[in-house]
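Chemist: Sharing a structure here in structure tokens format.
The values are calculated or read from the model by the stated rules, or taken from the named source; none is laboratory data. What you see is a predicted model, and the numbers here were worked out from it, not measured in a lab. Cβ placement follows ideal geometry from the backbone for every residue including glycine, while neighbour counts extend to all protein chains displayed.
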Amino acid sequence: MEHTSAIVYDGKLLHETSYAQRAEKYQEIELTAIYQNVSLTGKIDFYNAKEKIIHETKRGKTTEDAHEWQVKFYIWLFTLNGIEGVTGKIEYPKLRKTTTVFFTEPDRVYLEEIVPNISAFIQQDKCPPILHSKICKKCAYYELCYIDEV
């Protein structure tokens with residue numbers, strides 16, 4: 001559903017206009033891996049293969065843990081594909097701030113534990129209850145969760 005989200009499109013536009021030279025040279029890359037029979041996919045804004053740095057651009061006015069975990073997940077995907085030593089940078093053009101992200105052993109353990117839980121959650125026959133959280137309104141999947149509310 002992200003391809004129809006105005007918020008996702010706005011973020012993509014911000015990425016392309018904030019780093020115009022990068023957008024001309026590089027394209028997003030999609031990285032996949034299989035972990036415990038679960039197919040994992042990540043779409044990375046920009047990866048500098050020479051320096052082994054993932055760059056993610058965020059449109060928000062605040063930094064968030066979710067941004068950092070997204071990059072850690074991408075680093076883990078690289079590790080699952082045999083590419084070690086990758087780090088990440090989260091770029092906040094509106095804040096004029098950059099955050100460096102490192103992947104630690106506890107991060108790996110956490111992801112290895114959470115992925116099977118998420119997979120089991122997805123396999124359930126019944127949808128979970130609606131959260132009714134403020135963050136939901138900004139999510140690309142909002143309509144999917146709230147379809148019965150209309």
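Chemist: Of the residues 116, 93, which single one is more than 16 Å from residue 49 (Cα to Cα) and either aromatic (Phe, Trp, Tyr) or touching a Leu at 6+ places or on another chain (Cβ under 7 Å) (or both)? Break it down stepwise before answering.
Modeler: Values: 116 fails: either aromatic (Phe, Trp, Tyr) or touching a Leu at 6+ places or on another chain (Cβ under 7 Å) (or both).
Among 116, 93, only 93 is more than 16 Å from residue 49 (Cα to Cα) and either aromatic (Phe, Trp, Tyr) or touching a Leu at 6+ places or on another chain (Cβ under 7 Å) (or both).
Chemist: When you scan the stretch 8-31, do you find a residue that is surrounded by 15 or more Cβ atoms within 10 Å (Cβ to Cβ), modelled with pLDDT of 90 or more and not in a loop (DSSP other than H, G, I, E, B), even just one?
Modeler: Yes, there is a match, as at least one residue in the stretch 8-31 is surrounded by 15 or more Cβ atoms within 10 Å (Cβ to Cβ), modelled with pLDDT of 90 or more and not in a loop (DSSP other than H, G, I, E, B).
Chemist: Here is a follow-up. Pairs under 8 Å by beta carbon, first residue more than 26 Å from residue 57 (Cα to Cα) in the stretch 27-39, partner among the polar types (S, T, N, Q), six or more apart or different chains?
Modeler: 36/119; 38/119
Chemist: I've got another one for you. Only one of these is of a type outside the set (Val, Ile, Thr), at pLDDT 95 or above and closer than 30 Å to residue 147 by Cβ: 102, 73, 78. Name it.
Modeler: Working: 102 fails: closer than 30 Å to residue 147 by Cβ; 78 fails: closer than 30 Å to residue 147 by Cβ.
That would be 73, the only listed residue that is of a type outside the set (Val, Ile, Thr), at pLDDT 95 or above and closer than 30 Å to residue 147 by Cβ.
Chemist: If you take the residues of the stretch 53-101 that are among the β-branched types (Val, Ile, Thr) and farther than 29 Å from residue 36 by Cβ, which of them is nearest to the chain's Cα centre (by Cα)?
Modeler: Narrowing the stretch 53-101 to residues among the β-branched types (Val, Ile, Thr): 53-54, 57, 62-63, 71, 75, 79, 83, 86-87, 90, 98-101.
Subset that is farther than 29 Å from residue 36 by Cβ: 57, 62-63, 98-100.
Values: 57: 10, 62: 16, 63: 14, 98: 16, 99: 15, 100: 15 Å.
Applying the filter and picking the extreme gives 57.
Chemist: Name the strands (runs of 3 or more DSSP E) wholly within the stretch 43-133 that hold at least 1 residues that are touching a residue at least 40 places away in the same chain (Cβ under 8 Å) and among the hydroxyl-bearing types (Ser, Thr, Tyr)?
Modeler: Numbers: elements: 46-48, 53-57, 87-92, 97-101.
Those strands (runs of 3 or more DSSP E) span 53-57.
Chemist: Another question, then. Given the conditions (1) surrounded by 11 or more Cβ atoms within 10 Å (Cβ to Cβ); (2) farther than 19 Å from residue 44 by Cα; (3) out of contact with any helix residue (DSSP H, G or I) (no Cβ under 7 Å at 6 or more places or on another chain), which single one is not true for residue 130?
Modeler: Against the list (1) surrounded by 11 or more Cβ atoms within 10 Å (Cβ to Cβ); (2) farther than 19 Å from residue 44 by Cα; (3) out of contact with any helix residue (DSSP H, G or I) (no Cβ under 7 Å at 6 or more places or on another chain), residue 130 comes up short only on (3).
Chemist: Filter the stretch 134-150 for residues that are among the charged types (D, E, K, R) and in contact (Cβ under 8 Å) with a residue 12 or more places away in the chain; which is nearest to residue 75 (Cα to Cα)? Steps first, answer last, please.
Modeler: Residues of the stretch 134-150 that are among the charged types (D, E, K, R), as a first pass: 134, 137-138, 143, 148-149.
Going one step further and asking which of them are in contact (Cβ under 8 Å) with a residue 12 or more places away in the chain, we end up with 138, 143, 149.
Values: 138: 25, 143: 30, 149: 37 Å.
Selected residue: 138.
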